[in-house]
Amino acid sequence: MKLHELHDNEGATKAKKRRGRGPGSGLGKMGGRGIKGQKSRSGVAIGGYEGGQMPLYMRLPKRGFNKPNRKKFAVVNLGLIEKFVAEGKIDATAAITEDTLVASGLIRRKLDGIRVLAKGEATSKLNLTVTGASKAAVEAVAKAGGTLTVTAQAAE
């Protein structure tokens, strides 16, 4: 192979639109900008500008608050855990930790911890240890004869 034989794979590169290059190009004359008006000119930045009038997004009241250091939990349902146990991806006899859930492929990453919710049935006797869980999930696991332990980190 020589340098002049190198080329990109088929479809890897796409030619950019060459505007204003005659009527045969399909983008000649006005170059897809239409006729007259501010948007047809160059150097236009409209997004939210109302000609000096106070923009709508600034006139409307603001409500709420987004906590900058809030915790983000990876959420998993009991039904999914049961499904993975049934498929043999998780061993129900051993203690199931957050690392076990990640290793099995049920959850991609732990984030600030894993929270278990009660959607689905808990049939096998599970021994779970996670960062957070809903009351219904704790009750469902207990009803099936297992234990669901919530670590202290969730209380922060």
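The values are calculated or read from the model by the stated rules, or taken from the named source; none is laboratory data. Keep in mind that what you see is a predicted model, and the values were worked out from it rather than measured. With ideal geometry, Cβ positions are generated from the backbone for all residues, glycine too; neighbour counts draw on all protein chains shown.
Residue-wise test of (1) free of Cβ contacts under 8 Å to residues at least 60 places away in the same chain; (2) among the polar types (S, T, N, Q); (3) surrounded by 10 or more Cβ atoms within 10 Å (Cβ to Cβ).
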position: Leu27; (1), (2), (3): yes, no, yes
position: Gly32; (1), (2), (3): yes, no, yes
position: Gly43; (1), (2), (3): yes, no, no
position: Pro61; (1), (2), (3): yes, no, no
position: Asn66; (1), (2), (3): yes, yes, no
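Of all residues in the range 133-144, at least one satisfies being out of contact with any strand residue (DSSP E or B) (no Cβ under 8 Å at 6 or more places or on another chain), over 24 Å from Arg70 (Cα atoms) and surrounded by 15 or more Cβ atoms within 10 Å (Cβ to Cβ). When the range 42-59 is limited to residues that are closer than 26 Å to Arg19 by Cβ and among the hydroxyl-bearing types (Ser, Thr, Tyr), the one that is modelled with the highest pLDDT turns out to be Ser42.
Those strands (runs of 3 or more DSSP E) of the range 58-137 in which at least 1 residues are within 11 Å of Leu148 (Cβ to Cβ) and among the polar types (S, T, N, Q), considering only elements entirely within it, cover 127-130.
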